[in-house]
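Asker: Just passing along the structure, written as structure tokens.
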Amino acid sequence: MTFRVGYVGAQRALMACLLVGTACTHHDRAPFIDENGPAVVGSAGDDSGSSGGKQSKGQTADAGATTTSGAATGGAADDAKPGGVEAGLLDPGEVYIYGTLAEGSAGYDAVAHWSSPNTYLVGFDEHTDGQSLHMFNGLLAYTIVFAQGIRTFTPEFASTLKPIDLKYPKDPARNDPILETPPCLAQDTGPIDFLTSPDGRLIYLCPDKAWYEAGTKVYEGEDNLLAMGYDGLMLVGGFNPGVLNLKDGQRRSLDGITDFSNRVASRASHDGFHIVFQSKTGNDTPELWLIGADATTKRLDTYPLPPESIRVDGSGQLSANDELFQFGSGPKAFEGVIVRRKLDGTSSVVYDVATDPHVKLGISYLFTGP
């Protein structure tokens, strides 16, 4: 896969210094991409994104900027410290919001951590497919509806400005590198789907109905590949769910689970996959299950009910420490919320649109690492 080094440095530095809300020193100030040029980085061969950063007309904000109170509006104050980012990479263990700065309008999408929705990154095409967001080696890979190719997101800038004071960048996808995906290259037909793994792999489905990795065919068959784990382990859906090992092509049907129709969330683990299913009893207490690399299954725990007067959606995202995040609605009209449910029995609203955060929900998505 080919990346422009300067862009990769810009992507990682912005993700590290600004999205997670931690302070950057003058040595690791995030680069800024203005309307007329590419990222400002230290040197073409420097992948750290250090030095040479600049501000522009008040649009950007230094990393770690908070509200005047010092708390993250829209999230719980005691949780206003997103997970650590190592080596300048977006933390794949955390859950993030892909939302909007202007509800009801296209072309104002932004990314923020759930605990700090007043600090956000911008630079998305108005036709970005929010369902396609996948973390890949600390970057954010995605596709654009009506356009070919898999791109990696390069933020134009980060900001804490109120949306009404922000000028959204023009042609924001122009600096997002397109991955090379032979044999179905972007200038031809391009991939029709892709998956990423926690150990840094990316595979993609070409129109010939085969999956490839860097031009090498890794799977061809009728199975519906849902997720990619460690060491080439695949989670397989459809009428006969199971696991598939890309190393040897061996497929195993699951022991005791016959369908994924009640799946809420899933993510890879070192022992297979952790999957959340709706409770078989019909109440709103989802269950956490382990699907092992050998296709064995085991119920691990049960999540608590959502907070009183809160209704949650049927799907969600699972953080690396098995915290379940779900969109929901509060008791007020059009009160969008995000609920976090933990295995210690606690359940809380960690984002509430009623607090008027900068990043709103609208047509939005939660995303995390694979």
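The values are calculated or read from the model by the stated rules, or taken from the named source; none is laboratory data. Predicted, not measured: the structure shown is a model, and the values here were computed from it. FYI the Cβ positions are ideal-geometry reconstructions off the backbone, even for glycines, and counts take in every protein chain you see.
Asker: Search region 219-245 for residues that are within 13 Å of residue 271 (Cα to Cα) and pair each with any residue that is acidic (Asp, Glu) when their beta-carbon atoms are under 6 Å apart and the residues are at least 6 apart or on different chains.
Answerer: 230/199
Asker: Something else about it: Looking only at region 258-287, which residues are in contact with a strand residue (DSSP E or B) (Cβ under 9 Å, 6 or more places away or on another chain) and over 23 Å from residue 195 (Cβ atoms)? First the steps, then the outcome.
Answerer: As a first pass, look at region 258-287 and keep what is in contact with a strand residue (DSSP E or B) (Cβ under 9 Å, 6 or more places away or on another chain): 259-260, 262-269, 271-280, 284-287.
Hits for region 258-287 are 278, 279, 280, 284, 285, 286, 287.
Asker: Also, I was wondering about something else. Give region 319-370 a look and list any residue that's among the polar types (S, T, N, Q) and under 15 Å from the mean Cα position of the chain (by Cα), or say none.
Answerer: Here is the first cut: in region 319-370, the residues among the polar types (S, T, N, Q) are 319, 321, 326, 329, 346-348, 355, 364, 368.
Scanning region 319-370 gives 319, 326, 364, 368.
Asker: Quick check on region 144-153. Is at least one of its residues assigned to a strand (DSSP E or B), over 27 Å from residue 216 (Cβ atoms) and not polar (S, T, N, Q)? Before the answer, list the steps.
Answerer: Initial filter on region 144-153 (assigned to a strand (DSSP E or B)): 144, 151-152.
Within this subset, residues satisfying the condition of being over 27 Å from residue 216 (Cβ atoms) are none.
Taking every residue of region 144-153 in turn, none turns out to be assigned to a strand (DSSP E or B), over 27 Å from residue 216 (Cβ atoms) and not polar (S, T, N, Q).
Asker: Could you tell me whether any residue of region 198-218 is assigned to a loop (DSSP other than H, G, I, E, B), free of Cβ contacts under 8 Å to residues at least 12 places away in the same chain and loosely packed, with under 15 Cβ neighbours inside 10 Å?
Answerer: yes
Asker: Can you give me the number of residues within region 343-370 that are over 19 Å from residue 311 (Cβ atoms) and either surrounded by fewer than 19 Cβ atoms within 10 Å (Cβ to Cβ) or polar (S, T, N, Q) (or both)? Please lay out each step first, then the result.
Answerer: First, the residues of region 343-370 that are over 19 Å from residue 311 (Cβ atoms): 343-345, 356-359, 367-370.
Still in the list and also either surrounded by fewer than 19 Cβ atoms within 10 Å (Cβ to Cβ) or polar (S, T, N, Q) (or both): 343-345, 356, 368.
Final tally of qualifying residues: 5.
Asker: Continuing with this model, one more query. Suppose we keep only residues that are farther than 30 Å from residue 107 by Cβ and of a type in the set (Asp, Glu) within region 162-215. Which one would you say is farthest from the chain's Cα centre (by Cα)?
Answerer: Among residues in region 162-215 that are farther than 30 Å from residue 107 by Cβ and of a type in the set (Asp, Glu), the one farthest from the chain's Cα centre (by Cα) is 208.
Asker: Criterion first (crowded, with 23+ Cβ neighbours inside 10 Å, among the polar types (S, T, N, Q) and at pLDDT 95 or above) does residue 128 satisfy it?
Answerer: Values: crowded, with 23+ Cβ neighbours inside 10 Å: yes; among the polar types (S, T, N, Q): yes; at pLDDT 95 or above: yes.
When the stated conditions are applied, residue 128 passes them.
Asker: Taking the conditions exactly as written (in contact with a Leu (Cβ under 7 Å, 6 or more places away or on another chain), part of a strand (DSSP E or B) and touching a residue at least 40 places away in the same chain (Cβ under 8 Å)), does residue 295 satisfy them or not?
Answerer: no
Asker: Quick check on my filter: what residues within region 277-308 are acidic (Asp, Glu) and within 30 Å of residue 251 (Cα to Cα)? Lay out the reasoning, then the answer.
Answerer: Initial filter on region 277-308 (acidic (Asp, Glu)): 284, 287, 294, 301, 308.
Across region 277-308, the qualifying residues are 287, 294, 301.
Asker: Determine, yes or no, whether residue 280 is among the basic types (Lys, Arg), farther than 23 Å from residue 202 by Cα and not in a strand (DSSP E or B). Please lay out each step first, then the result.
Answerer: Numbers: among the basic types (Lys, Arg): yes; farther than 23 Å from residue 202 by Cα: yes; not in a strand (DSSP E or B): yes.
Against the criterion (among the basic types (Lys, Arg), farther than 23 Å from residue 202 by Cα and not in a strand (DSSP E or B)), residue 280 qualifies.
Asker: Just give me the residues in region 221-250 being in a strand (DSSP E or B) and at pLDDT below 95, in sequence order. Outline the logic, then answer.
Answerer: Residues of region 221-250 that are in a strand (DSSP E or B), as a first pass: 224-228, 233-237, 242-245.
Across region 221-250, the qualifying residues are 224, 237.
Asker: While we're here: Give me the residue from region 289-305 that is closer than 13 Å to residue 278 by Cα and touching a Lys or Arg at 6+ places or on another chain (Cβ under 8 Å) and, out of that set, surrounded by the most Cβ atoms within 10 Å (Cβ to Cβ). Give the derivation first.
Answerer: Of the residues in region 289-305, the ones closer than 13 Å to residue 278 by Cα are 289, 299, 301-305.
Next cut, touching a Lys or Arg at 6+ places or on another chain (Cβ under 8 Å) only: 289, 303-304.
Values: 289: 21, 303: 24, 304: 17.
So, considering only residues that are closer than 13 Å to residue 278 by Cα and touching a Lys or Arg at 6+ places or on another chain (Cβ under 8 Å), the one surrounded by the most Cβ atoms within 10 Å (Cβ to Cβ) is 303.
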